[in-house]
Amino acid sequence: MIRLLTLAFLATSLTLASAADLKFGVVDMSKAFSEFHKTKEAAEKFKSNVDKAQKEMNDRWAVYKNLMTDMQKLKKEASDPIMTQDARTKKAASFDEKAKELRTLEQEIGEQQNRRSSQLKQEDVQIRRGIYDEILVVVRDKAKTEGYDFIFDKSGMSLSTVPVLIYYKDAVDVTDQIVVELNKNAPAASAAPAETKAEEPKKP
């Protein structure tokens with residue numbers, strides 16, 4: 001809907017002014033995002049949070065496995081004919097208690113896993129939105145400074161996965177200039193960033 005409104009606005013603008021009087025530009029927002037030094041920094045920080053969440057889940061599952069081991073031992077002892085009936089009864093009672101504890105722990109782990117996964121996904125979205133907002137500021141400033149009437153994102157895709165901007169003749173691609181501007185204050189050791197997405201902690 002938003003893209004349709006944008007195209008409608010463009011069509012209206014072209015009826016009000018000659019196309020020759022308009023200055024068009026295009027930018028590859030996907031490339032600008034991936035080559036922005038802050039993307040790599042954010043990805044490294046996010047990966048650290050993912051690793052921390054994974055360690056938390058691994059620790060909980062280690063406790064779960066220990067409980068399982070204790071239960072298996074109690075089950076075997078509860079059916080050991082060498083032990084007295086009273087001893088076997090006590091072992092069976094302990095087994096039931098461990099089983100309740102195990103079910104409670106399993107539920108807690110599931111809830112914690114879902115909660116942390118949701119938190120990580122939300123954090124990932126917020127990080128990306130923040131980075132794209134910074135890029136948009138640079139693109140808009142360039143448009144104003146150099147007198148562009150329109151700058152389109154050539155990496156944008158429609159709902160049918162077809163590029164929205166299929167062909168452009170006179171538009172100037174400002175992507176490389178945007179990337180240079182974004183990284184002008186980058187630390188000297190910054191390298192081309194790679195995106196990192198949240199991975200849900202998995203049950204072993």
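Data for the structure
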{"read-out": "Given (1) over 30 Å from Asp170 (Cα atoms); (2) out of contact with any helix residue (DSSP H, G or I) (no Cβ under 7 Å at 6 or more places or on another chain); (3) in a helix (DSSP H, G or I), index of the condition Glu77 fails", "value": "(2)"}
{"read-out": "Single match in Val50, Val26 (criterion: in contact (Cβ under 8 Å) with a residue 60 or more places away in the chain, surrounded by 15 or more Cβ atoms within 10 Å (Cβ to Cβ), outside any helix (DSSP H, G or I) and touching a helix residue (DSSP H, G or I) at 6+ places or on another chain (Cβ under 9 Å))", "value": "Val26"}
{"read-out": "Qualifying residue in region 124-137 (condition: of a type outside the set (Asp, Glu), in a helix (DSSP H, G or I), in contact with a Gly (Cβ under 9 Å, 6 or more places away or on another chain) and closer than 30 Å to Val27 by Cβ)", "value": "no"}
{"read-out": "So Val27, is it more than 17 Å from the chain's Cα centre (by Cα) and under 30 Å from Ile135 (Cα atoms)", "value": "yes"}
{"read-out": "Single residue of Asp96, Asp80 found to be modelled with pLDDT of 90 or more and acidic (Asp, Glu)", "value": "Asp96"}
{"read-out": "Residue tally, condition over 13 Å from Ile127 (Cα atoms) and under 29 Å from the mean Cα position of the chain (by Cα), over region 37-80", "value": "17"}
{"read-out": "Matching residues in region 146-173 - criterion: being at pLDDT 80 or above and not in a loop (DSSP other than H, G, I, E, B)", "value": "Glu146, Phe150, Ile151, Phe152, Asp153, Val172, Asp173"}
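The values are calculated or read from the model by the stated rules, or taken from the named source; none is laboratory data. These numbers were taken from a predicted model, which means no experiment stands behind them. Every residue, glycine among them, receives a Cβ derived from its backbone with ideal geometry; neighbour counts consider all protein chains shown.
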